[in-house]
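The values are calculated or read from the model by the stated rules, or taken from the named source; none is laboratory data. Not measured: the values here are computed from a predicted model. No Cβ is skipped: glycine too gets one built from the backbone with ideal geometry, and neighbour counts run over all protein chains shown.
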Amino acid sequence: MQRRSTRHPFALRHNVTNPLEDVPEIKEHESLDQGSLAQVDLEPSLSERLPFEPRDGVPDIITTVAQLEAYAQRLAAGTGPMALDAERASGYKYSQRAYLVQLRREGAGIALIDPIHLPDLSVIQAATEGVEWILHAATQDLACLAEIGLRPTVLFDTELAGRLLGREKVGLAALVAAELGEVLEKGHGSADWSLRPLTANQLRYAALDVELLIELRDRMHAELEAAGKLAWAHEEFAALVHFTPRPRGDDAWRRTSGIHRLRKPRALAVVQSLWLARDDAARRSDIAPGRILPDAAIVAAATALPATRDALGALKEFSGRGQQRRLAGWWIAVSQAMAMPDGELPDVSPPPGGLPAPRNWPERNPEGFARLEAAKDAVGVILARIDMPAENLLTPDLLRRLCWEPPAPATRDAIEEFLRAGGAREWQIGLTSEALTVALSVAP
């Protein structure tokens, strides 16, 4: 698991004390007498503590069927929920498969399982059927766990719980520090977990990802209940059980970094052609696309519109040894785009189906813009009361679609059905439908 804060930039801030702040500072040039010493808290602050260590040590990696079956038996005899995590090699590999799976359950201890040697973990699934899973940022791991035979029936997501509770920082290390007062070691989440052997530091990091998840779940479960948000959380977690990643669309190439600077259809054709060639090469070699050809190189070629292979190779973004080795393939992609008939070039504007950026609404749909502003104000009042990020109450896309073209007539029942069809949960509909009905009725 790559530990990071996933706080939305427009989310409300939660007014809680950060354990890493307000630490007494003593400047090097200052001296302390006995009186001032009495006023300084000599208890080590959280930032000064050593990183937490697995209480039972770091187990050896499970690589054989016999080891896996033995651990499955211990899991079946264990009690309570089961903590899970998976390590991938994002940024290194094209695939999003798991390269290490970590489990922990009371009575069974921690297991580090190597899915390279053991690609079928259905014995774990059978041993824990109906057991609650605990994951942090479940949407990151559910797909790769399903590939190896692990699918939850009940789960608790500590990252999502943090969002519902209005926590400003919802990364695992931040929540463990705030909720349990422990420091987790950082620095290995973005490592290449496909390499073998894994280092001792990597294994310790991986074990710690599940070491405290059960305690963290219990603490956050109690806080959700105290805040009156436990039913909301259960509804969210139930939906996560059926989560599947959104399929990649045909226009994924339009997300190339820097493409917004290109305004010519021919340039977009070069981006599209190079992106597809890169994706094919990355998939066949199982190397992350950005390591095959950076986005900056694609945009540079699209900006220059080179007429020859030599002109393409002269670009500094294509001067490296790796790019020169693949230059023939890149030139084929560029030349195909350069030869494309004008009538087949991609549109500068994205195809219909998506909504324009809100900044363009006053000109494109002024009534819709007025509705959006009124709806955002109404939702903001609710957010101030319940204290959570805006996107966890209603996704921005759903709110925009409602305001761009609301149901006619925009009754509360019609708005509730619109929200439900758009994927909103019942708790979200119950909190927002009345306010949205009023907001849309008063907007011009």
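Quick notes on this structure:
- Residue match in the stretch 352-361 (condition: modelled with pLDDT under 95, assigned to a helix (DSSP H, G or I) and surrounded by 15 or more Cβ atoms within 10 Å (Cβ to Cβ)): yes
- In the stretch 256-270, the condition of being surrounded by 15 or more Cβ atoms within 10 Å (Cβ to Cβ), closer than 17 Å to Gly91 by Cα and modelled with pLDDT of 95 or more is met by at least one residue.
- Every residue from the stretch 72-109 that is within 22 Å of Ser190 (Cα to Cα) and β-branched (Val, Ile, Thr): Val101
- Conditions (1) in contact (Cβ under 8 Å) with a residue 60 or more places away in the chain; (2) surrounded by fewer than 18 Cβ atoms within 10 Å (Cβ to Cβ); (3) farther than 30 Å from Ala89 by Cβ; number of the one not met by Lys229: (2)
- Filter result (surrounded by 13 or more Cβ atoms within 10 Å (Cβ to Cβ) and closer than 30 Å to Leu276 by Cα) within the stretch 232-251: Phe243, Asp251
- For the stretch 415-444, taking the residues that are at pLDDT below 95 and assigned to a helix (DSSP H, G or I), the one that is surrounded by the most Cβ atoms within 10 Å (Cβ to Cβ) is identified as Ser441.
- Residues that are surrounded by 20 or more Cβ atoms within 10 Å (Cβ to Cβ) and either of a type outside the set (A, V, I, L, M) or part of a loop (DSSP other than H, G, I, E, B) (or both) within the stretch 119-130 comprise Leu121, Thr128, listed in sequence order.
- Beta carbons closer than 8 Å, at least 6 apart along the sequence or on distinct chains, pair a first residue in the stretch 61-84 that is surrounded by 13 or more Cβ atoms within 10 Å (Cβ to Cβ) with a second that is assigned to a loop (DSSP other than H, G, I, E, B) and small (Gly, Ala, Ser) for Tyr71/Ala108; Arg74/Gly107; Arg74/Ala108; Leu75/Ala108; Gly78/Gly107; Gly78/Ala108.
Conditions tested, residue by residue: (1) in contact with a Gly (Cβ under 7 Å, 6 or more places away or on another chain); (2) more than 30 Å from Ser95 (Cα to Cα); (3) in the same structural domain as Ser273 (by TED's automatic domain parsing); (4) in contact (Cβ under 8 Å) with a residue 24 or more places away in the chain.
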{"site": "Ala304", "(1), (2), (3), (4)": "no, yes, yes, no"}
{"site": "Ala311", "(1), (2), (3), (4)": "no, yes, yes, no"}
{"site": "Val334", "(1), (2), (3), (4)": "no, no, yes, yes"}
{"site": "Leu372", "(1), (2), (3), (4)": "no, yes, no, yes"}
{"site": "Ala375", "(1), (2), (3), (4)": "no, yes, no, yes"}
{"site": "Ala378", "(1), (2), (3), (4)": "no, yes, no, yes"}
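- With respect to the conditions (1) part of a helix (DSSP H, G or I); (2) over 21 Å from Arg326 (Cβ atoms), Thr244 lacks only one, and its number is (1).
- Looking across Ala146, Ala161, one residue alone is among the aliphatic types (A, V, I, L, M) and either in a loop (DSSP other than H, G, I, E, B) or buried (at least 18 other Cβ atoms within 10 Å of the Cβ) (or both). It is Ala161.
- Residue within the stretch 88-99 that is surrounded by 21 or more Cβ atoms within 10 Å (Cβ to Cβ), touching a residue at least 40 places away in the same chain (Cβ under 8 Å) and closer than 22 Å to Leu216 by Cα present: no
- Residues that are among the hydroxyl-bearing types (Ser, Thr, Tyr) and assigned to a loop (DSSP other than H, G, I, E, B) within the stretch 294-344 comprise Thr308, Ser319, listed in sequence order.
Every residue, every condition in (1) of a type in the set (Val, Ile, Thr); (2) over 30 Å from Thr303 (Cβ atoms); (3) assigned to a helix (DSSP H, G or I), yes or no:
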{"residue": "Ala174", "(1), (2), (3)": "no, yes, yes"}
{"residue": "Gly187", "(1), (2), (3)": "no, yes, no"}
{"residue": "Asp192", "(1), (2), (3)": "no, yes, no"}
{"residue": "Val210", "(1), (2), (3)": "yes, yes, yes"}
{"residue": "Arg217", "(1), (2), (3)": "no, yes, yes"}
{"residue": "Glu223", "(1), (2), (3)": "no, yes, yes"}
{"residue": "Glu236", "(1), (2), (3)": "no, yes, yes"}
{"residue": "Arg248", "(1), (2), (3)": "no, no, no"}
{"residue": "Trp253", "(1), (2), (3)": "no, no, yes"}
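- Every residue from the stretch 194-208 that is in a helix (DSSP H, G or I) and not aliphatic (A, V, I, L, M): Asn201, Gln202, Arg204, Tyr205
- Subset of the stretch 380-414 that is over 26 Å from the mean Cα position of the chain (by Cα) and β-branched (Val, Ile, Thr) - its residue that is surrounded by the most Cβ atoms within 10 Å (Cβ to Cβ): Thr411
- Within the stretch 271-317, considering residues that are charged (D, E, K, R) and within 25 Å of the chain's Cα centre (by Cα), the one surrounded by the most Cβ atoms within 10 Å (Cβ to Cβ): Arg278
- Of the residues in the stretch 351-363, at least one is more than 30 Å from Glu434 (Cα to Cα) and either in contact with a helix residue (DSSP H, G or I) (Cβ under 6 Å, 6 or more places away or on another chain) or not assigned by TED's automatic domain parsing to the domain that holds Ile298 (or both).
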